[in-house]
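Everything on this sheet refers to the single structure shown next.
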Amino acid sequence: MDIDLRTRTALVTGSTQGIGLAIATTLARAGAVVAVNGRSEEKVARAVEAVSADVPGAELVPAAADVTTEEGAGRIRELLPDLDVLVNNLGIFGAEDALAITDDEWRRYFEVNVLSAVRLTREFLPGMKERRWGRVLNIASDSAVVVPAEMIHYGVSKTALLAVSRGFAKEAAGTGVTVNSVIAGPTHTGGVEDFVYQLVDRDLPWEEAQREFMRLHRPQSLLQRLIEPEEIANMVAYLSSPLASATTGAAVRVDGGYVDSIIP
């Protein structure tokens, strides 16, 4: 299967580390011009160096901006007037007692995890429709379907993102533009390592801590291990390509069988 994104320009939000960095690297490897985004110019520069090291000759655009704000989204729009692939990857998560989550914290999760994707889709979808080609991908989570008791604000924000994806897919109907969400399962990133150690004994070596976390907190995973970021990125690259032209309005699972459902 030849995933060819030459001539395409992609933006991956929150791509200085973790899943976002893996997606940026994989899209660059497929030939896309990739805009690497983060709030810090220093972190963006380091991420650009990392992608360049993995993909020599990659065409990369440093795109430092806070896309959780209207100003930041506007700055990205000026930098990338004709975008072909938008990957709304930026997100925050963390464990917190359900009854202790304040209104301000609820608002922060929706601002970052939902409204940043809505703003950027609003910015770039019209141009994609005019050009009759485009891909919008929202990185959701198994927590959108199986809302965890220890972070319901995160789960609900990702549930909203599934609805956002389906709604914008209808807006793009018949234009050659597809809009999908990717349901990522428990994934091995630096942030997730911190999260795991919030829930299990901090004195455990990482491999033991990971197994204990999966056993106690994610026992329904059929993979029985954390997913690697590159495994998420592979699905994103496929959905970003012409090969996925008939997939739109979908919530595609890369969850290691975590969600107990026979329907995607």
If you check residue 150 against the conditions, is it modelled with pLDDT under 95, over 24 Å from residue 180 (Cβ atoms), more than 15 Å from the chain's Cα centre (by Cα) and acidic (Asp, Glu)? yes
For residues that are over 21 Å from residue 239 (Cα atoms) and either assigned to a loop (DSSP other than H, G, I, E, B) or among the small types (Gly, Ala, Ser) (or both), tally how many sit in the range 42-99. 25
Suppose we filter the range 224-234 for residues that are in a loop (DSSP other than H, G, I, E, B) and among the hydrophobic types (A, V, I, L, M, F, W, C); how many remain? 1
Residues of the range 15-27 satisfying the condition of being surrounded by fewer than 24 Cβ atoms within 10 Å (Cβ to Cβ) and either in contact with an Asp or Glu (Cβ under 9 Å, 6 or more places away or on another chain) or small (Gly, Ala, Ser) (or both): 18
Flagged in the range 239-264 as over 30 Å from residue 206 (Cβ atoms) and not in a loop (DSSP other than H, G, I, E, B), in numbering order, are 239, 240, 242, 243, 244, 251
Answer yes or no as to whether residue 120 is within 25 Å of residue 158 (Cα to Cα), in the same structural domain as residue 34 (by TED's automatic domain parsing), touching a residue at least 12 places away in the same chain (Cβ under 8 Å) and crowded, with 20+ Cβ neighbours inside 10 Å. yes
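Every residue, every condition in (1) out of contact with any strand residue (DSSP E or B) (no Cβ under 9 Å at 6 or more places or on another chain); (2) among the small types (Gly, Ala, Ser), yes or no:
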position: 173; (1), (2): yes, yes
position: 178; (1), (2): no, no
position: 194; (1), (2): yes, no
position: 210; (1), (2): yes, no
position: 236; (1), (2): no, no
position: 256; (1), (2): no, yes
position: 264; (1), (2): no, no
Contact list please: Cβ distance under 8 Å, first residue in the range 98-109 and within 19 Å of residue 158 (Cβ to Cβ), second residue exposed (fewer than 13 other Cβ atoms within 10 Å of the Cβ) and at pLDDT below 95, pairs at least six apart or on different chains. 98/149
Helices (runs of 4 or more DSSP H) within the range 131-223 that include 1 or more residues surrounded by 22 or more Cβ atoms within 10 Å (Cβ to Cβ) and out of contact with any helix residue (DSSP H, G or I) (no Cβ under 7 Å at 6 or more places or on another chain): 152-171
State whether one or more residues within the range 52-68 are at pLDDT 95 or above, surrounded by 24 or more Cβ atoms within 10 Å (Cβ to Cβ), in contact with a helix residue (DSSP H, G or I) (Cβ under 9 Å, 6 or more places away or on another chain) and assigned by TED's automatic domain parsing to the domain that holds residue 238. yes
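The values are calculated or read from the model by the stated rules, or taken from the named source; none is laboratory data. Only a predicted model underlies this, so the values are computations on that prediction, with no experimental measurement involved. Counting neighbours? That spans all protein chains shown, and the Cβs are built from the backbone with ideal geometry, glycine included.
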